[in-house]
1. When only C-alpha pairs under 8 Å and at least 6 residues apart count, what is the relative contact order of chain A, in percent?
2. Using θ = phi - 60° and the Karplus form 6.51 cos²θ - 1.76 cosθ + 1.60, what ³J(HN,Hα) does each residue of segment A:83-91 get, whole Hz, x for Gly and Pro?
3. Connecting C-alpha atoms closer than 10 Å in a GNM of chain B, tell me which of B:132, B:99, B:163 has the biggest fluctuation.
4. Please report the net charge: other residues with Cβ closer than 10 Å to the Cβ of residue A:314, K and R +1, D and E -1.
5. In degrees, nearest 10, range 0 to 90: what is the angle between the Cα axis of helix B:24-34 and the longest Cα principal axis of chain B?
6. Is there a quick way to get the dipole size of segment A:62-125? I mean about its Cα centre, with the Cβ of Lys and Arg at +1 and of Asp and Glu at -1; what is the value in debye to the nearest 20?
7. In chain A, what % of DSSP beta bridges are antiparallel (nearest 5)?
8. I need to check one value: relative contact order of segment B:106-177, counting alpha carbon pairs closer than 8 Å and at least 6 residues apart, in percent.
Amino acid sequence: MNSSTPDCAVAPGDLVAQLREELRPVYREAAQNVPGWEERAVSIATRIGDQLASLRITRSSLVSALRTVDRLLTQAVAVSVGTALQVAAVGTIVAMEVLSGFHEGQGMRDERALAEALLAGRSVPADAGVAGSVFSVISVRANGSSPSDVENAFRAQAGEVVPSLFGTVSSATGHLLVPLEEDVAVALCERVRHELFGSVWLCVSERPVGEIPLACKEVDDLLELVTSLGRAPGVYRITDVLFEYAAVATPEVSAELSRVVAPLLANPVLVETLTALVEADGNRALAVKRLFIHRSTIDYRLWQVEQLTGLSPVNPRDLAVLSTALAVSGRASTN
Amino acid sequence: MTCTEDMSMSRPIGISAGAKPPLPETTAARALLTGAEVASAPDLPPAYAVAAFRSATPSGAAEVASLLRTRAGALSLLSPRGGYVLLPCPVSRHAGDIVRDLHSRIGDGTWMGVSWGRRADLPHVRATAADVVTVVLASARDDGVYELRDVLTDVAVLRQPSVSARLVRMIQPVVDRPQLLEALRAFLDEDGNRAGAARRLLIHRSTLDYRLRAIERLTGARPTSPLGVLTLDAALTAHALVLAHPFLPPL
């Protein structure tokens with residue numbers, strides 16, 4: 001974790017001792033030609049490089065430490081004629097993988113710092129190359145996946161679409177920042193959602209580089225809204241809940257919407273009928289089938305709704321307002 | 001609209017057009033609407049119906065002013081083509097009726113937004129009445145008296161700039177194509193009835209369906225769903241608001 005980054009550089013002697021300790025089994029396996037030693041060498045060396053990236057050490061001190069450790073370990077493992085080649089190879093593998101893990105980790109650390117700055121609305125250096133770009137901010141609620149699961153899923157899915165993935169879900173604000181337009185970010189989120197277990201809600205909003213904090217606020221509000229509205233897990237953007245979003249943010253309007261549907265709430269049959277009609281896109285014949293009722297029954301119920309609310313469910317505009325009102329007032333009563 | 005016109009439109013005038021110094025009624029109306037010191041006026045009624053209006057004719061505001069002279073306790077703040085009217089009204093449910101009564105006595109071409117509140121809340125009440133009449137005009141509704149309840153979603157969109165910006169961006173490609181815009185307007189005027197919209201436009205039903213599909217492709221909003229109808233309707237209103245110019249007097 002970044003928070004554990006020490007303030008002082010690691011002493012060269014400590015670095016050599018640490019590397020020697022961790023790499024000793026790798027060299028030993030190579031010297032004994034234990035099957036699979038190469039794969040293990042690659043994975044251990046990459047992890048070491050990645051860990052070292054969060055410490056304040058320079059590339060040149062790491063290179064010189066690796067050289068020392070290679071000499072020490074090559075001497076320590078008894079080199080017979082038959083295994084000299086393996087031991088030479090393990091030195092190359094270790095040096096390459098540690099260094100590449102180190103570079104990648106440092107790149108991620110720089111990305112993280114840049115993302116934190118952008119998300120917080122701080123100015124970023126001109127050479128960061130983000131001027132004029134569009135970003136999407138993503139907020140995630142994943143029951144059953146840890147923040148690092150989510151981040152790994154994003155890194156795995158981003159692949160070739162995203163040249164670099166900026167923020168992380170473990171960043172201070174809990175947002176993910178991707179240098180993508182909203183449509184592309186939504187597609188990425190859909191793939192990530194399928195990779196994660198459990199119920200996952202992802203909210204996405206696009207903004208130009210200077211307005212990223214606005215997008216953060218929007219996705220936070222959006223995530224709060226879709227979960228409080230009881231929306232199914234999925235990927236959401238503001239256009240999916242436009243009126244609910246605007247109504248909830250405007251207290252006078254949400255209060256009036258609640259007053260409009262208050263007389264309906266005492267009558268669950270009418271609420272059920274309206275919900276079925278909304279799900280049927282206002283098609284009464286379809287709603288009748290789903291409700292197992294007669295056509296004249298639905299007409300009577302819809303007439304009752306109109307008497308109680310002043311809004312006519314057979315008018316699509318009014319039906320959409322009624323649907324928004326039910327969602328917003330249902331949300332108010334559960335909070 | 002030129003700059004000069006704009007300025008004359010929004011310059012407040014007294015209760016009778018042509019009065020030079022502001023009348024006490026105007027001062028009281030402004031004080032109430034801005035929430036300035038009103039405690040020093042204990043004779044004022046405890047609650048008001050506030051109407052914000054826009055008149056199509058140049059004499060509209062003067063007409064309203066002359067009607068108000070006979071009403072005890074009525075206050076107003078007017079500009080040539082619009083303004084605010086404050087009518088004493090003790091209970092909220094009467095606000096609409098009181099304003100509708102006033103509206104019925106003036107000629108055609110007056111749009112009014114009404115809201116109600118106690119004296120201390122009048123700045124909010126004014127904002128609501130003004131937003132109601134603003135969206136009513138932007139959505140090209142018939143002249144008449146409207147309350148928040150009649151235009152809930154449009155007012156919510158107007159109050160949330162991030163939402164209205166989205167809608168404007170969404171509808172722009174349709175606004176840029178006159179045939180599609182005409183089809184959408186007819187479809188919305190017919191409350192989503194495609195047969196009615198095709199008749200109104202004198203085009204074949206399948207031509208209309210084709211245009212509606214083009215609208216869906218450009219906006220992502222499905223005209224055959226209730227939510228799509230409301231979204232497209234609100235988007236046209238939001239788009240019209242971008243071009244709207246002020247008609248209410250400054251406070």
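Taken together, the values in this text are just the output of simple stated rules run on the coordinates, not laboratory data. All values derive from a computational prediction rather than experimental measurement. In this analysis, Cβ positions are derived from the backbone assuming ideal geometry, glycine residues included, and neighbour counts consider all displayed protein chains.
1. Working: 444 pairs, mean separation 43.4, N = 335.
Reported as a whole number, the value is 13 percent.
2. Listing the rounded values in order: 10, 4, 5, 4, 5, 5, 5, 5, x Hz.
3. The residue with the greatest mean-square fluctuation here is B:163.
4. Details: positive: A:284; negative: A:299, A:306, A:318, B:191.
For residues surrounding residue A:314, the net value is -3.
5. 50
6. Values: 5 positive and 6 negative charges, 32 e Å.
Value, rounded to 20: 160 debye.
7. Details: 13 of 17 bridges.
About 75 percent, rounded to the nearest 5.
8. Values: 63 pairs, mean separation 22.2, N = 72.
After rounding, I find 31 percent.
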